[in-house]
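These notes are about the structure you will find just below.
Nothing in this text is a laboratory measurement; each read-out follows from the coordinates by a stated rule. Small disclaimer: the values here were computed from a predicted structure and weren't measured. So basically every Cβ, Gly included, is an ideal-geometry build from the backbone, and we count neighbours across all protein chains shown.
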């Protein structure tokens, strides 16, 4: 492929189009399985689109499909870009732009990836749901949750602690939430707090109740459709 091609179409589109299709399919299928079972976090919302994938998961993909980490990163970036274009109906214009490439393999590579992602979006409705929730709602949305567990020791003098004062197992939670516009970077705020095991059990119970309520709503929607 000569330099004229790179000058006629954006580098991001060229990189997506020329990515090996088998590697692209393998990585996308793997990260969607991880996404559906909650092992990784992905946001589908224009300029705020992104994926948080643990190094261990990337290592598994590299070993399983015998591809390098750079290819995995390229495939994830291409996947997020393709999803955005499919959900915003921008892929037709991009395809016309790709057709300008002197090498027909560029347009063909892009078309194959778009068709594959269209199929994945249909098979994984959570992608479209996430996109709609994050781009049409006015409220902030969940971004990430980080935690740590530690032993906390209270030392005298303290107004509320008297001898003896045993060490306390405590959890630390960093909860991130954000808001996005379709072509803007995400605006994220964080909340840091400590939590005891008993309070954590209470939180888990509330979240389980919420999960059950949302699951029932999904079942009701499917019946009505």
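Quote the FRET efficiency, to the nearest 0.05, computed for residue 212 versus residue 176 with a Förster distance R0 of 22 Å and r equal to the Cβ-Cβ distance.
Step by step, r from the Cβ atoms, then E = 0.35.
Annotation: the residues 44, 131, 116, sorted from fewest to most other C-beta atoms within 10 Å of their own C-beta, follow the order 116, 131, 44.
Here the label points at residue 70 and residue 146, each 7 Å from Cα along the C-beta direction, are separated by 2.9 nm in the simple model. Gain on full extension, evaluated as 0.36 nm per residue between residue 112 and residue 126 minus their Cα-Cα distance, stands at 2.8 nm. Between residue 20 and residue 167, the modelled labels are 4.9 nm apart [label points 7 Å from Cα along Cα→Cβ].
Computed FRET efficiency, Cβ-Cβ of residue 39 and residue 198, R0 25 Å: what is it to the nearest 0.05?
0.35
Sorting the segments 205-211, 173-179, 27-33 by their mean number of nearby beta carbons within 10 angstrom, highest to lowest, gives 27-33, 173-179, 205-211.
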